[in-house]
Amino acid sequence: MPSQPESGMQIAGTGIYLPSRIVTNHELEKLVETTDEWILTRTGIKERRISSKTETSTFMGVAAAKQALAQAKLAPSDLDLILVATVTPDSFFPSSACRISAELGATGCPAFDLQAACSGFVYGMIVADQFLRSGAARNILMVGTERLSSVVDWRDRNTCVLFGDGAGAVIVRQTVGSKGIISFDWGADGASADLLHLHNPQSRGLATQPPAPLAPDCIVMAGKEIFKQAVNAMADSAKRTLKKAGVKLDDVKCVISHQANIRIIDALVDKLKFPRERCFANVHRYGNMSAACIPVALHEAGSEMKLQKGDKVLLVAFGGGLTWASALLEW
Ligand code: ACO
C-alpha cells in the first residue's frame, strides 16, 4: 500500500505592528547616564519603538493578526486555534489570546497564551506544528506581542536601553507533502531563573525580588551572564536541530535568531561558522521585543533575504526561564 504523504506546516501569511513612536539612543541620553555610542557599540541598537497608552499588547497583536489573515486570505472564522506568546499581557486573565480572539471576532476558536519569554514564539511554532501534523487543526494564528516599555525601570540604564515594543503574527496552515518544521529542539533550565526575571509584585512567595532601588515590577537581568548563556544555548540548540534533520548548515539559506543584541548574533554565527550576511538582523531598528522578535523578523526576512519556496530557514531563540528553542523550517 502506498504510504500517505505526511502533513506539515506552511506559512500562509505574516503581519506586524510597530508603534509609530521612534525613540533614538540620543533621546535616552536625556533620561539616563548613557551615550548613543555606548548603546550602539555594546548592542547594535540605534532606536526602538515605544507604544502609546492605547497601543496595548492586545491592540498591537490584533493589528498584526489582521494583516497576517489578509495575506493568508483567511477569515477569523477559518481559524482552529489562536496561540499568543507574550510576557506583557494586558491581564493575567483573560489571556491575550482570548482578548485578541474577541477583537477579531473568532468566537468559539480555542485560544491560549504560551509563556516562554523570548523563546515563546519558537515554542509556539513547535506546539502549532504538533496540532497540524496530528490533524487536530488546519489553520493556526500565532502572535508574539510585547509592550516591554511597561516593565522596564526607566531609571535603570542596564536594561532600559535594550528593549522595545511591537507585535508580529503568523498564520500556519496544514499542508500535505510540505515539510514545514523539519526538526526542532527546545529546552529550559528553571534553576537559572534569577539571571533574568520579571517578578509579579502581587506574589508573596518568591525570594527573587528585584534588588533595591529597582522598581518591584521591572525586568532584572545579569547582562554578562545572560550574554554567554544565550550564545551557548542557541548554538547548541541549532546544532542539535540540524543533526536531527541530517541537514548541513551550508544548506540553510537563512538563520533568524532572537534579536537581543547584535554582538550575541555575531557570536552565534561565529560559533556556528555561518556566513554573517545570511543571518537576518533588525535589532538596530527595534531593540529586543522578546516574543515579538521572531515573528517580526520572519515577516521582514521573507523579502529582505529573498526567501523562496523550499528554502531552509533556521529559527533560534533564547530567553528568561531560562528557555531556548530552535526549529528548521522549509519556507
Ligand atoms: N550606558 C552606559 N553605560 C552602561 C549602560 C548604558 N546604557 N548600561 C550599563 N553600563 C555600564 C555598567 O554600569 C557597567 O559599568 P561599570 O563597569 O562601571 O560597573 C558597564 O557599562 C558594563 O559594561 P560591560 O559589562 O562590559 O557591558 P557588556 O559589554 O556586558 O554589555 C549588555 C552589557 C549590553 C547588557 C550585555 O551584557 C548584553 O547584551 N547582555 C545580554 C542581555 C540581554 O540581551 N538581555 C535581554 C533578555 S535575554 C535575551 O533576550 C537573550
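The values are calculated or read from the model by the stated rules, or taken from the named source; none is laboratory data. Remember, predicted model here, so these are calculated numbers, not experimental data. Methodologically, a virtual Cβ is constructed for each residue, glycine included, from the backbone with ideal geometry; neighbour enumeration extends over all protein chains shown.
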Note to self: modelled with pLDDT of 95 or more, outside the structural domain of Asp129 (by TED's automatic domain parsing) and of a type in the set (Gly, Ala, Ser): which single residue out of Gly310, Gly302, Gly320 fits that description?
What the structure shows: Gly320
Note to self: So in region 216-248, with the set limited to residues that are among the aliphatic types (A, V, I, L, M), modelled with pLDDT of 95 or more and farther than 19 Å from Met289 by Cβ, which one is surrounded by the most Cβ atoms within 10 Å (Cβ to Cβ)?
What the structure shows: Ala238
Notebook entry, point to check: Do any residues in region 147-161 that are within 16 Å of Ile39 (Cα to Cα) have Cβ atoms under 9 Å from those of residues that are more than 12 Å from the ligand (Cβ to nearest atom) and part of a helix (DSSP H, G or I), where the two are at least six apart or on different chains, and which pairs are they?
Noted result: Cys160/Ser149
Notebook entry, point to check: Mind checking whether some residue in region 130-143 is modelled with pLDDT of 95 or more and under 19 Å from Thr34 (Cβ atoms)?
Noted result: no
Notebook entry, point to check: If the Cβ limit is 9 Å and pairs must be 6+ apart or interchain, which residue in region 299-328 that is touching a residue at least 12 places away in the same chain (Cβ under 8 Å) pairs with which residue that is aromatic (Phe, Trp, Tyr) and assigned to a helix (DSSP H, G or I)?
Noted result: Leu315/Phe121; Ala317/Phe121; Ala317/Tyr123; Thr323/Tyr123; Ala325/Phe121; Ala325/Tyr123
Note to self: Among the residues that make up region 5-24, is at least one of them modelled with pLDDT of 95 or more, within 13 Å of the ligand (Cβ to nearest atom) and either among the aliphatic types (A, V, I, L, M) or surrounded by 17 or more Cβ atoms within 10 Å (Cβ to Cβ) (or both)?
What the structure shows: no
Next item on the list: Being within 14 Å of the ligand (Cβ to nearest atom) and farther than 21 Å from Ala167 by Cβ is the filter here, so list the residues in region 38-80 that pass it.
Entry: Trp38, Ile39, Leu40, Thr41, Arg42, Thr43, Gly44
Note to self: Looking at Gly180, Gly135, Gly168 in this structure, which one is farther than 23 Å from Val87 by Cα, more than 15 Å from the ligand (Cβ to nearest atom) and buried (at least 23 other Cβ atoms within 10 Å of the Cβ)?
What the structure shows: Gly180
Next item on the list: Report yes if some residue within region 84-98 is in contact (Cβ under 8 Å) with a residue 12 or more places away in the chain, outside any helix (DSSP H, G or I) and either under 20 Å from Arg138 (Cβ atoms) or touching a Pro at 6+ places or on another chain (Cβ under 6 Å) (or both); otherwise report no.
Entry: yes
Next item on the list: Considering (1) more than 15 Å from the ligand (Cβ to nearest atom); (2) within 23 Å of Ala327 (Cβ to Cβ), say which one Leu104 fails and leave the rest.
Entry: (2)
Note to self: I need the helices (runs of 4 or more DSSP H) fully contained in region 219-331, keeping only those with at least 1 residues that are away from the ligand (no atom under 14 Å from the Cβ) and within 25 Å of Thr86 (Cβ to Cβ).
What the structure shows: 223-245, 283-286, 293-304
Next item on the list: Please verify whether region 115-122 includes one or more residues that are assigned to a helix (DSSP H, G or I), outside the structural domain of Pro201 (by TED's automatic domain parsing) and of a type in the set (S, T, N, Q).
Entry: yes
Note to self: For region 26-37, give me each residue that is within 9 Å of the ligand (Cβ to nearest atom) and in contact (Cβ under 8 Å) with a residue 60 or more places away in the chain.
What the structure shows: Leu28, Val32, Glu33, Thr34
Check: Can you name the number of the only condition in (1) at positive phi; (2) surrounded by fewer than 21 Cβ atoms within 10 Å (Cβ to Cβ) that Asp194 fails?
Finding: (1)
Check: Looking at Ile45, is it buried (at least 17 other Cβ atoms within 10 Å of the Cβ), in a loop (DSSP other than H, G, I, E, B), of a type outside the set (Ser, Thr, Tyr) and in contact with a Leu (Cβ under 9 Å, 6 or more places away or on another chain)?
Finding: yes
